[in-house]
Amino acid sequence: MSEKHAYHSLDQATDQYPLALDDLAEPPARYAELRDKCPVVPVRMPSGDHAWLVTGFDEVVAAMTDSRLSRAALRDPGAPRVIPGPDFGDNPYNLLSQEGPDHARLRRLIAPAFTPHRARQWRERVEQIADELVDDLVAGPRPADLHGSFAALYPIRVICEMVGAPYEDWPRLQVWTERLVSITAGTVEERLAAREESAAYVAALVAQRRANPGGDLLSALITARDDQDRLSERELVWLGINLLVAGHDTTVSALSRGLFALLRHPEQWELLRTRPELTDQAVEELLRYAPPSEIGFLRIATEDLDLAGTAVAKGEGVIPVMHAVGRDRRHVSDPDVLDITRTDAKHLAFGQGTHYCPGAGVARMELRVALATLTRRLPSLRLAVPAADVEWIGGLLTVRPRALPVAW
């Protein structure tokens with residue numbers, strides 16, 4: 001491994017963040033060089049501000065578990081920002097932008113809905129949803145769009161049932177999500193409109209559930225708000241938005257990108273089809289090899305600190321790219337090879353530290369069910385176009401194709 005280089009100033013930035021995907025939706029080729037030579041490097045963000053980009057496995061873990069790197073400090077006057085204009089980081093009620101006791105309190109409130117036990121309880125219904133969507137896929141035209149007709153609908157349908165939102169509202173949820181997770185793909189006006197419209201939508205759902213409570217997660221959060229006063233009304237609304245957006249968006253991307261990876265390596269699809277006991281391993285390998293994003297969440301240093309030999313000054317931004325670490329050769333053998341039988345599929349797809357994804361267990365279950373259903377129902381599934389012809393959408397937090405044409 002090459003000797004690592006340490007930068008001394010953010011003014012030395014030459015890379016533009018976010019880095020562009022490589023061909024075939026592969027991670028940015030620059031990541032491999034940075035992990036080997038300089039896992040902490042200054043970058044220029046779309047806003048024009050600078051930050052430290054972190055790409056190595058050990059370095060990302062260190063950044064994500066350092067309490068001196070704060071998401072809440074994004075709201076401090078003069079703090080660097082990823083994009084010009086308002087975004088999720090400006091909202092003090094957004095779970096992703098909180099730290100400390102308030103963050104811990106909100107996570108405790110939603111934790112019961114995402115335990116492994118609850119994931120097992122949901123599995124039968126999730127299997128039914130997957131089968132119903134495959135029924136529709138089979139009855140439709142061919143080639144079929146595996147992204148638009150399955151991968152993009154399946155997680156939305158699951159989270160709508162869990163939260164208590166009408167599934168027929170999914171087109172609106174999809175539009176709001178794409179605008180809210182936009183980095184360079186949308187305008188400030190679109191982001192603001194999506195924020196206001198989604199908040200009004202969830203507020204209306206809250207009113208409906210107050211009048212007619214059910215067994216869904218939103219009804220449970222309303223009980224916590226009204227009976228025990230553990231939530232403010234704005235916290236309740238934004239928890240609903242967090243659950244609806246974060247509860248499906250990354251799963252959509254993980255599923256579409258993972259299926260694309262499997263289908264462009266047909267020997268891996270065949271292996272999974274003939275050895276269904278590999279499904280759990282396959283999910284972990286796909287999260288490592290083809291994670292749902294190549295973007296990190298900006299944090300702000302609340303004091304001077306040392307990060308892997310790089311001096312980070314108070315007030316400077318740090319972007320630990322948790323999805324860049326799955327190909328760190330210090331931890332994974334032959335990291336550029338997709339191998340669903342591997343036992344060293346180390347990744348940080350669900351984060352690390354206090355912001356570890358609370359829905360990781362449910363997301364894993366959804367991905368396992370999707371792979372099991374598709375290999376069982378459509379064993380001859382294959383790409384209907386050359387892999388290089390699949391077009392990928394840029395400018396979003398997550399990675400997804402415009403369409404994923406398949407045949408069987």
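See the values below:
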{"read-out": "Rounded if a/c under 1.5, otherwise prolate or oblate - the chain, Cα gyration tensor axes", "value": "oblate"}
{"read-out": "Label-point separation, Lys37 to Arg402 (7 Å along Cα→Cβ), nm", "value": "3.4 nm"}
{"read-out": "Total formal charge among the other residues, if their Cβ is under 11 angstrom from that of Arg342, Lys/Arg +1 and Asp/Glu -1", "value": "-3"}
{"read-out": "Residues Tyr289, Tyr31 arranged by fewest to most Cβ contacts within 10 Å", "value": "Tyr31, Tyr289"}
{"read-out": "Around Ala79: net Lys/Arg minus Asp/Glu count, Cβ-Cβ under 15 Å", "value": "-1"}
{"read-out": "Ranked His265, His117, criterion: other C-beta atoms within 10 Å, fewest first", "value": "His117, His265"}
{"read-out": "Whole-Å distance, taken between Cα centres, linking segment 58-109 and segment 179-209", "value": "19 Å"}
{"read-out": "Gln128 paired with Thr223, simple spin-label distance in nm, labels 7 Å along Cα-to-beta-carbon", "value": "2.2 nm"}
{"read-out": "Expected 222 nm ellipticity per residue - DSSP helices of 4 or more, -39500 (n - 2.57), all of the chain, to 500", "value": "-13500 deg cm²/dmol"}
{"read-out": "Order of Asp249, Asp169, Asp216 under a 10 Å beta carbon neighbour criterion, fewest first", "value": "Asp169, Asp216, Asp249"}
{"read-out": "The chain: relative contact order in percent, alpha carbon pairs under 8 Å with at least 6 residues between", "value": "24 percent"}
{"read-out": "Kirkwood hydrodynamic radius of segment 19-106, from inverse mean 1/r over distinct Cα pairs, in Å", "value": "14.9 Å"}
{"read-out": "Local net charge near Gly148, Cβ-Cβ under 12 Å (Lys/Arg +1, Asp/Glu -1)", "value": "0"}
{"read-out": "Arg234-Ala204 pseudo-label distance in nm [points 7 Å out on the Cα-to-Cβ vector]", "value": "2.2 nm"}
{"read-out": "Gap separating the Cα centres of segment 152-171 and segment 243-290, nearest whole Å", "value": "21 Å"}
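Quick note: the coordinates plus some simple rules give every number you see, no bench work behind them. For clarity, every value in this text was computed on a predicted model and none was experimentally measured. Every residue, glycine among them, receives a Cβ derived from its backbone with ideal geometry; neighbour counts consider all protein chains shown.
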